[in-house]
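Reviewing the structure listed below.
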Protein chains: 2
Amino acid sequence: MPQTDLPAFDRATAVTRTEAGGLVAELDPGWDVGGGILNGGYLLSVVGRAALLESPHPHPVAVSASYLRAPAAGPATLTVVPGAAGRTLAHSLVTLADAAGPALTVTVTTATLGTDAPQWSEPTPDAPPVEECVSIAEHRDLAPPGVPVPGLSLRVDTRLDPATAGWAFGRPSREPRLRAWMRFTDGREPDPLALLTFADALPPTSFALGDLGWAPTVQLQVLVRALPAPGWCLVEARSSEIAGGWLDEDYRIWDSTGRLVAQSRQLARSPRRR
Amino acid sequence: MPQTDLPAFDRATAVTRTEAGGLVAELDPGWDVGGGILNGGYLLSVVGRAALLESPHPHPVAVSASYLRAPAAGPATLTVVPGAAGRTLAHSLVTLADAAGPALTVTVTTATLGTDAPQWSEPTPDAPPVEECVSIAEHRDLAPPGVPVPGLSLRVDTRLDPATAGWAFGRPSREPRLRAWMRFTDGREPDPLALLTFADALPPTSFALGDLGWAPTVQLQVLVRALPAPGWCLVEARSSEIAGGWLDEDYRIWDSTGRLVAQSRQLARSPRRR
């Protein structure tokens, strides 16, 4: 039975156990990146939730997914094979499948995260205040002509630093880098499962260069480093190399206190030019 | 039958098919990081070789491994479960196990790499010439007192940039960053399988801070971006955060022409202080 009082993210990522003991989810068509394709980070949050149901530890700390193909919205099954588990951490292998077969193969490591002050941390980048940034959902110029705003942008409030939003105003950058404030539109506070979605929620870094095509994720690793404080997260994505039909996207996510709370890296196919 | 004319790396990572059709390897005790623990990158090269035997494509491009436990040197089995495969890329899931059970669970994506000039690439860092750098194998100060030089350092010739070698001379840095030239000691040229080893072959980044303990890898992702040119590779590792008993290590590897050829990121447990 749907729990309509839950925040949108928790409803859309809910995983339930069937009477036979299996895990199932209802993939929500509202978390798409356009063209009916569900966001890879959203799918990873569903997988993370399934892994936690079978883990002795409460948080995902390292999650690596191979994206075999884009699953359809609707019913999905989640198969969790527990691996080695100890006092500090536990491993598992999770497969997300829809009616057409496996879509994601994911290795998940769970543990208990804290908010301990880091022994060492990179400096947090500067970003202008949220109110000076550009809302992807509100700013129609950010969608390529004729393309509706993706569902993901309506559910994850994404405010681009104007310094990395030039591509939306006909002034592409020479650097594949995007930076934005991010939170759920309904005010649901961030947690480790939310960070799995945020870690793939910006447009492809190649957008910064003016290349407004979809860049399908091939393999994505997310590390969650600490429990995020309430409020906006700052999310930065950049590429090290775009070559031979491939690009990497490297994310770092800081919470509202400036603490690094997650990192991700993905290999994606270069955008198909429109 | 051992092929003694092969370079050390190819002998140590050889994977053979049994009459029953299974894949086996003989993990070589000579690729340890001290205390009989085999290097995680070395193990990944063995896994990569197994994946290629079952793949329609010749190169590993994305490899993510969960390290369940340290396998013993000696006989190991490799189980490859093919996933989706297409004209551009193929996925598989590989398990490396020794007599005590599974040790690594690895998702592997294979494809065909080239040497096409990048459309975009980060600048290559400066490093002094190899002959001005510090050999880890030759420089005894680099091993903690009473600890023999690990086998890995004898087989992978590693020359630290003096700017990141202060820790070996009682002058630890404030930044967890290491940079070194790297090649196989016997002159075997780099290729994508070799890059899987190089992507975990530096000491832990916490060594730079003077913290000379082992940092066991929990999960490691390696992306191979291009076929490396012959000669020395430049390998840089740095951490974004050390906190709560965890650290990340982020590697970038450039070939002798200055081309970015691989990237990796791992989550590891912070060193146990000696």
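Data for the structure
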quantity: Subset of region B:50-74 [farther than 14 Å from B:Thr95 by Cα and either touching a helix residue (DSSP H, G or I) at 6+ places or on another chain (Cβ under 6 Å) or within 11 Å of another protein chain (Cβ to nearest Cβ) (or both)]; calculated: B:His59, B:Pro60, B:Val61, B:Ala62, B:Ala73
quantity: The lone exception for A:Thr197 - which of (1) within 14 Å of chain B (Cβ to nearest Cβ); (2) crowded, with 24+ Cβ neighbours inside 10 Å it fails; calculated: (1)
quantity: Any strands (runs of 3 or more DSSP E) falling wholly within region B:184-274 and containing at least 2 residues that are touching a residue at least 24 places away in the same chain (Cβ under 8 Å) and touching a helix residue (DSSP H, G or I) at 6+ places or on another chain (Cβ under 7 Å); calculated: B:217-224, B:233-238, B:246-254, B:260-269
quantity: Region B:249-267, subset acidic (Asp, Glu) and buried (at least 22 other Cβ atoms within 10 Å of the Cβ), residue nearest to the other protein chains (Cβ to nearest Cβ); calculated: B:Glu249
quantity: Search result, residues across region A:153-191 that are closer than 19 Å to A:Gly41 by Cα, modelled with pLDDT under 95 and touching a Phe, Trp or Tyr at 6+ places or on another chain (Cβ under 8 Å); calculated: none
quantity: Flag if A:Arg177 is closer than 22 Å to A:Pro60 by Cβ, touching an Asp or Glu at 6+ places or on another chain (Cβ under 8 Å) and surrounded by fewer than 24 Cβ atoms within 10 Å (Cβ to Cβ); calculated: no
quantity: Complete set of residues in region A:83-95 that are within 11 Å of chain B (Cβ to nearest Cβ) and either free of Cβ contacts under 8 Å to residues at least 40 places away in the same chain or not in a strand (DSSP E or B) (or both); calculated: A:Gly83, A:Ala84, A:Ala85, A:Gly86, A:Thr88, A:Leu89, A:Ala90, A:His91, A:Leu93, A:Thr95
quantity: Matching residues, region A:77-129, being of a type in the set (Phe, Trp, Tyr) and closer than 24 Å to A:Asp28 by Cβ; calculated: none
quantity: Members of region A:112-142 found to be assigned to a strand (DSSP E or B), in contact (Cβ under 8 Å) with a residue 12 or more places away in the chain and facing another protein chain (nearest Cβ under 8 Å), listed by number; calculated: A:Ser121
quantity: Hits in region B:157-183 - residues which are over 19 Å from the mean Cα position of the chain (by Cα) and in contact (Cβ under 8 Å) with a residue 60 or more places away in the chain; calculated: B:Glu175
quantity: Of residues in region B:96-109 being more than 7 Å from chain A (Cβ to nearest Cβ) and closer than 13 Å to B:Ser64 by Cβ, the one surrounded by the most Cβ atoms within 10 Å (Cβ to Cβ); calculated: B:Val108
quantity: Complete set of residues in region A:218-232 that are surrounded by fewer than 23 Cβ atoms within 10 Å (Cβ to Cβ) and at negative phi; calculated: A:Leu227, A:Ala229, A:Pro230, A:Trp232
quantity: Test: A:Ala168 is outside any strand (DSSP E or B), out of contact with any Cys (no Cβ under 9 Å at 6 or more places or on another chain) and within 10 Å of A:Cys133 (Cβ to Cβ); calculated: no
quantity: Among (1) farther than 14 Å from B:Leu196 by Cβ; (2) hydroxyl-bearing (Ser, Thr, Tyr); (3) touching a residue at least 60 places away in the same chain (Cβ under 8 Å), the one test that B:Ser64 misses; calculated: (1)
quantity: Strands (runs of 3 or more DSSP E) wholly inside region B:1-79 that include at least 3 residues being crowded, with 17+ Cβ neighbours inside 10 Å; calculated: B:23-27, B:59-67
quantity: Within region A:200-214, considering residues that are surrounded by fewer than 24 Cβ atoms within 10 Å (Cβ to Cβ) and away from every other protein chain (no Cβ under 11 Å), the one modelled with the highest pLDDT; calculated: A:Gly210
quantity: Check on A:Gly187, within 14 Å of chain B (Cβ to nearest Cβ) and at positive phi; calculated: no
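The values are calculated or read from the model by the stated rules, or taken from the named source; none is laboratory data. Model, not experiment: these values are computed from the prediction. Backbone-built Cβ (ideal geometry, glycine too); neighbour counts: all protein chains shown.
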